[in-house]
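Notes to accompany the following structure.
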Amino acid sequence: MGATAALRASEGGMRVVVIERDVAGAGASGVNAGTLSLQIKRVKLMPYALIGHEWWRSAGDAIGFKRTGGYTLAFNAREAEMLHDRMTQKRAAGAPIEFVTPRQVVTREPALCDRIVAASYCAEDGHADSTRTGTYLRGLLRDAGVELREHANVTHIDTREAGFRITAGSETTSSKRLLLAAGAWTAPLASLLDVALPIRVRTNTVTVTEPGPVHLHAGVGHATGLLTLKQKSNGSYLIGGGWQGTGSPEAGRGRVVADTLLQNLRLARFAVPATANVRVLRSWTGYEAYVPDYWPLAGVLPGVRDAYVLACVRGGYTIGPCIGPLVADLILGREPALPLFDPARAM
Amino acid sequence: MSDLRIGERGNPVAFYFDDARIEAFEGETVSSALWAHGIRGWEGGRAYFCAMGVCQQCTVWIDSARVEGCRTPVRNGMRVRSRP
Amino acid sequence: MTFDLAILGAGPAGAAAAVEASLLGMRSLVIDEQVAAGGQVYRASPPISSGDPDGDRLRASLAGCSASVRLVHRLWNVERDDDGFRLLAIGPEGAFEARARSLIVAAGAQERFVPFRGWELPGVMGLASATILIKAQRLLPGRNVVVAGAGPLLYAVAHGILDGGGRVVALVDAQPRSAWWMPDLLSRPDLLVRGMSWLAALRRAKVPILRASVVDAVAREGDGLSATVQGRAIACDAVCCGFGLMPATDVTRLLGATHSFDAALGGWHVVVDDQQRCDVPGLYAAGDVAGIRGAASAPHQGRIAARAVAGAAIGSTRERDGASRFGVAMNRAAQVGDYVISSIAPDVTMCVCERLPRSVIEAAIDDGCVTINDVKGATRCGMGPCGGRMCEDAVARLIAIKTSCTRRDVGMATGRPPLRPVALDAIAGDFDYEALPMPAPAPL
């Protein structure tokens, strides 16, 4: 979010500094499962997802982008109905999704189980290597001449005079405008400006397995959205789906909860029986911010002149490179090409 | 290569590693049996490095399960593979 | 089923804790992934006889006490809540789960490796590894072995090879002779005498001892290996190289206990008070995991931890502290200067699992990475099957050297489950798809 907004603002002629409490990509963008699937995007956010997806696609090898195609599966009648209903709407919103028969799926991907009742397919779906995000963004910022300050935890924002004086460690930065795009850490920053953003945080679990023989080529999703499953070219499976660990950003890193981890793994095992014998190497959690209506906060920070906020974008990894520049356009005084999401509505 | 075994052993055991028949003794790990037989490594792995089940360099496949050779006692007739 | 106490590790500290817990009437569970109790220092592989009476005594006393002992059980996760700990393991019969109000982590130590050219070749192993082969498996690492590194295991392994009928073609001690002159060695005259007899045996066998030296490289040579030391190539069929022990802090990291870095205690270790308590409620640590203090100190720590769990008076800690002196002195012997890290060539592999050479790690540090977690995220170093256990110490030391920061600043890698690789099916178990508790679907 922050990086692509910074790049656009800089392109537009502003002098930009990005202040990051850890390192670039240390948050959600570096620890998510890397899924770049249009099928899991929300209907109303599909136009944004299409643009963001294209951004990742052109990043190519630098981010390990792979256009693998993706399936969404339903294993019973209830799921099939949900699948049909949702994918029809997503297709109408612009995603190139087609319905396929279970037989077609299993012919193309023999590693999938034989209990598929309904399925959809999108040839554009793929994934990136999310661990490379930080390095990639750092390079883009450097090439664009945008200053990036890492390991800089903002503790104070002074607004007594016009503009902002932002203190992080021993350094104070003065700027005319301010964009808060700190993901799950946005609310504490807003409170430094006496703004109480109603941000809540989910703790999503991701699991990686040991490298081994490749059985699965396309990405796999579930009608409910509760499973993302992909196999990397070295054979490691990445398993996600938003199963909840525990923790809070203030307390530090989140923790995996065994019970939810096991459900996630069982879903994966059900979808791809060959995962039975692979060894799980590591599970971790990442924070995902949201507000009660589940739509993004993208626009003016309520009550603070020249301050903006961009956070709580569900599917934010895909959508970030689209919505970041849109908010930058707003800051530049231009009309964003797509509607933004006024944070004031959430207050 | 002369024997690397020290001292007495108990009952003999024979198993297969990539279809080669390996003679070993009760109580030995798969890694030890391979080591004593002169097999210290294969593509992507080696029989011993940390010898504690930590480094994961000694993994082999037995009945489609991937296990650490250094912690797996040999059993008669076991079919061990260096790849899945 | 809820136990009063669970003990992780059936080595000297864990076994002593279990025996003491039994005497105090606590219902306790011991979990260890090895086939027999004894930890690494008294490792055994029945029916092969390790000939170690101390180990046999430990196994007998553990078997004779009332603790429930689960061997060949690999712990993959521990969770804590207000009622205590939930332990999840895999055993020979499948998934195993237990709850305990208190937990003593007695997970011991692992070896410290320093990367060198060729350390990933078959035939290269550690010193603790060689000890395990010789003592527990009654197997020689080779018939013509180079023994290298630092610390007491250097001489123990060299002697073990000679005793087993093998040849030590060179003993390469990274330390100068003066590093061994430590008053605390006198606290264990029996071990000192044993060490001197080992040296005498090495001299009798005319083993070349090269001091203040390291193995620069190992390469394949015919059917065997060639080790380069001080510019000379030494033909051999095995290279055993290690640099002391480090606490095995996987579980304590996972549970979020506070750790401290102290080179004198083997590096990062979990912090305990005088009663072996960690700063996480209900969590205790005993033995080398709390700082490398050796096999003689471990049983005292285990007993004190068990008594602390029971709320019984722990008595004097003098014996424990006295028994620790020799072990701590041995850590000093294993401490080598930064040169072993700074002399690693750019193309030498540092992270074996991910095949990352020093140059890749350094590029990440030059790019702004200052902690081990930064480097891990940027390079995937430590994300392979070993979870960074082989490379984290060397990489962290490299970061500290290059950024002129302390090891404390560089930090430890975050602990994550599973504690060891486990098959998905083994932990997921049997299930009925329709019965899976699914939360609400993602919003449309």
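Expressed as a fraction of 2.2 N^0.38 Å, the C-alpha radius of gyration for the protein assembly as shown is 0.99. The local environment of A:GLY12, defined by Cβ-Cβ distances under 14 Å, has a net charge of +2 under the rule Lys, Arg +1 and Asp, Glu -1.
In order along the stretch A:299-314, the phi-based Karplus estimate (6.51 cos²θ - 1.76 cosθ + 1.60, θ = phi - 60°) of 3J(HN,Hα) comes to x, 6, 6, x, x, 10, 5, 6, 10, 9, 9, 9, 6, 6, 8, 6 Hz; Gly and Pro are listed as x.
The helix-only estimate of mean residue ellipticity at 222 nm for chain C, built from DSSP H runs of length n ≥ 4 each weighted as -39500 (n - 2.57), is -9000 deg cm²/dmol after division by the residue total. Report summary: the helix-based calculation at 222 nm, which adds -39500 (n - 2.57) for every DSSP H run with n ≥ 4 and divides by the residues of chain A, gives -8500 deg cm²/dmol.
Considering only alpha-carbon pairs that sit under 8 angstrom and 6 or more positions apart, the relative contact order computed for the stretch A:104-209 is 12 percent.
Classify the stretch C:191-269: rounded, prolate or oblate, from the alpha-carbon gyration tensor (a ≥ b ≥ c, eigenvalue square roots; a/c under 1.5 rounded; otherwise prolate if a/b is larger than b/c)? Here the stretch C:191-269 falls in the oblate category. Please label the shape of chain C as rounded, prolate or oblate, based on the square roots a ≥ b ≥ c of the eigenvalues of the alpha-carbon gyration tensor (a/c under 1.5 means rounded; beyond that, a/b larger than b/c means prolate, else oblate). Note, shape of chain C comes out oblate. Going by accessible surface with a 1.4 Å probe and the largest first, C:TRP76, C:TRP181 read C:TRP181, C:TRP76. About its Cα centre, the dipole of the stretch C:1-124 is roughly 120 debye, where the only charges are +1 on Lys and Arg Cβ and -1 on Asp and Glu Cβ. A simple spin-label model places the labels of A:HIS151 and A:LYS176 3.3 nm from each other, with each point 7 Å out along Cα-to-Cβ.
Taking every protein chain into account, the 1.4 Å probe leaves A:TYR237 with about 0 Å² of accessible area, to the nearest ten. The apolar share of the surface of chain C, taken as the fraction of accessible area on carbon and sulfur atoms (1.4 Å probe, ligands and nucleic acids excluded), comes to 52 percent. Here the contact order of the stretch C:263-346, divided by its residue count and restricted to Cα pairs under 8 Å and six or more residues apart, works out to 29 percent. Taken along its three principal axes, the alpha carbon spread of the stretch A:205-347 comes to 57, 33, 25 Å, from the longest extent down to the shortest. In the stretch C:98-196, Cα pairs under 8 Å separated by at least six residues give a relative contact order of 20 percent. The magnitude of the dipole of the stretch A:61-212, with charges of +1 and -1 set on the Cβ of Lys/Arg and Asp/Glu and taken from the Cα centre, is near 200 debye. Please work out whether the stretch C:351-429 counts as rounded, prolate or oblate from its C-alpha gyration tensor, where a ≥ b ≥ c are the square roots of the eigenvalues and a/c under 1.5 means rounded, while otherwise a/b larger than b/c means prolate and anything else oblate? Here the stretch C:351-429 falls in the prolate category. Using 1/(1 + (r/R0)^6) with R0 = 35 angstrom and r between the beta carbons of C:LEU71 and C:GLU434, what's the FRET efficiency to the nearest 0.05? My answer for the efficiency is 0.40. Between the amide H of A:LEU227 and those of A:HIS222, distances stay under 5 Å, these residues lying 5 or more places away or on another chain, with hydrogens modeled in the peptide plane. If you take all other residues with their beta carbon under 13 Å from the beta carbon of C:ILE161, and give Lys and Arg +1 and Asp and Glu -1, the sum is +2. In the context of the full set of protein chains, residues of the stretch C:58-204 present 38 Å² of accessible surface per residue (probe radius 1.4 Å, heavy atoms only). Each residue, C:THR414 and A:LEU338, gets one label point 7 Å from its Cα in the Cβ direction; the gap between the two is 2.9 nm.
The values are calculated or read from the model by the stated rules, or taken from the named source; none is laboratory data. Bear in mind that the values here come from a model prediction, so they are computed numbers and not experimental data. When we count neighbours, we look across all protein chains shown, and the Cβ atoms used for this are built from the backbone with ideal geometry, even at glycine. Only protein heavy atoms, including side chains, enter the accessible area calculation; ligands, DNA and RNA are left aside. Shrake-Rupley method; radii C 1.70, N 1.55, O 1.52, S 1.80 Å.
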